[in-house]
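Sharing a structure below in C-alpha cells format, with a few things to ask.
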Amino acid sequence: MDLFVVVALIGVVLLVSELLLPTGGLLAALGAAGLIAGGVLALTADADASASDWAGPALITLGVLSAISFYVIARKVLAAHRDEPVRAGHEELIGAPAEVRTSLDPIGQVWIEGALWRAQLSGGGGAALRPGDRVTVEAVEGLTLRVRPTPPSDSPSEEGAG
C-alpha cells in the first residue's frame with residue numbers, strides 16, 4: 001500500500017471522528033490537512049503507480065473542499081451560540097405574555113406556556129383583571145408570577161374577524 005493512501009485514510013478517519021466527537025474543529029482541520037498531504041504525496045509518487053495520476057489532484061481537491069466546508073460551518077455554529085445567552089427556567093418566563101384564568105384581585109391564576117401559575121398583580125392597585133385578559137410577566141417569586149396588565153392592541157382581534 002502506498003504512503004499517500006495511508007495518509008489519505010488517516011485524513012478521512014479524522015474527518016469522520018470530527019462528526020462524532022466535540023473537538024471544536026481540530027480534527028476536521030487535521031483531516032483536511034491529511035487529505036491535502038496525501039494528494040501531494042500521490043503527485044510525487046513513482047510514475048508506475050496507476051492511481052497516483054488521478055488520486056493526487058482528487059485528494060487535494062477533496063482536502064480543500066473539506067477545509068472550506070469546515071470554515072463555513074464552524075463560523076455558522078459559533079455565530080449561533082454567541083447571539084443570545086441561554087435562557088431557561090424562570091428567566092424564560094420574564095416578559096412572556098400570559099392569559100388570566102381566574103380573577104386577579106390582586107392574586108389569581110394565569111395560563112402561560114401550557115401551565116397554570118399563581119399570579120399577583122404588581123403595584124397592588126388598579127382594577128381586577130377578568131378571565132381572558134392578557135398580562136405580561138414582570139418577575140418570578142418562588143412559585144408566584146408578578147404580572148402587569150398588557151395594554152389592548154389597536155389591531156382587531158382574531159375573534160372579531162370571523
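Can you tell me which residue among Pro85, Pro131 is more than 22 Å from the chain's Cα centre (by Cα) and either open to solvent by 50 Å² or more (accessible area, probe 1.4 Å) or modelled with pLDDT of 90 or more (or both)?
The conditions single out Pro131.
Here is a list: Gly56, Gly114. Which entry is open to solvent by less than 90 Å² (accessible area, probe 1.4 Å) and either in contact (Cβ under 8 Å) with a residue 60 or more places away in the chain or in contact with a Phe, Trp or Tyr (Cβ under 8 Å, 6 or more places away or on another chain) (or both)?
Selected residue: Gly56, the only one of Gly56, Gly114 that is open to solvent by less than 90 Å² (accessible area, probe 1.4 Å) and either in contact (Cβ under 8 Å) with a residue 60 or more places away in the chain or in contact with a Phe, Trp or Tyr (Cβ under 8 Å, 6 or more places away or on another chain) (or both).
Which members of the range 1-52 meet the condition of being charged (D, E, K, R) and either surrounded by 13 or more Cβ atoms within 10 Å (Cβ to Cβ) or modelled with pLDDT of 85 or more (or both)? Break it down stepwise before answering.
Going residue by residue through the range 1-52, those that are charged (D, E, K, R) are 2, 18, 46, 48.
The answer is Asp2, Glu18.
What pairs come out if I take residues in the range 143-154 that are open to solvent by 90 Å² or more (accessible area, probe 1.4 Å) and pair them with residues that are among the polar types (S, T, N, Q) and assigned to a strand (DSSP E or B) whose C-beta lies under 8 Å away, six or more apart or interchain?
Here the result reads Arg148/Thr136, each pair linking the range 143-154 to a residue that is among the polar types (S, T, N, Q) and assigned to a strand (DSSP E or B).
Regarding Asp46, is this residue assigned to a helix (DSSP H, G or I), touching a helix residue (DSSP H, G or I) at 6+ places or on another chain (Cβ under 9 Å) and charged (D, E, K, R)?
No, not satisfied.
The values are calculated or read from the model by the stated rules, or taken from the named source; none is laboratory data. Source: prediction; values computed, not measured. All Cβ positions, even for glycine, are placed from backbone atoms using ideal geometry, and neighbour counts span all protein chains on display. The area values use the complete protein model at the heavy-atom level, side chains included, leaving out ligands, DNA and RNA. Shrake-Rupley method; radii C 1.70, N 1.55, O 1.52, S 1.80 Å.
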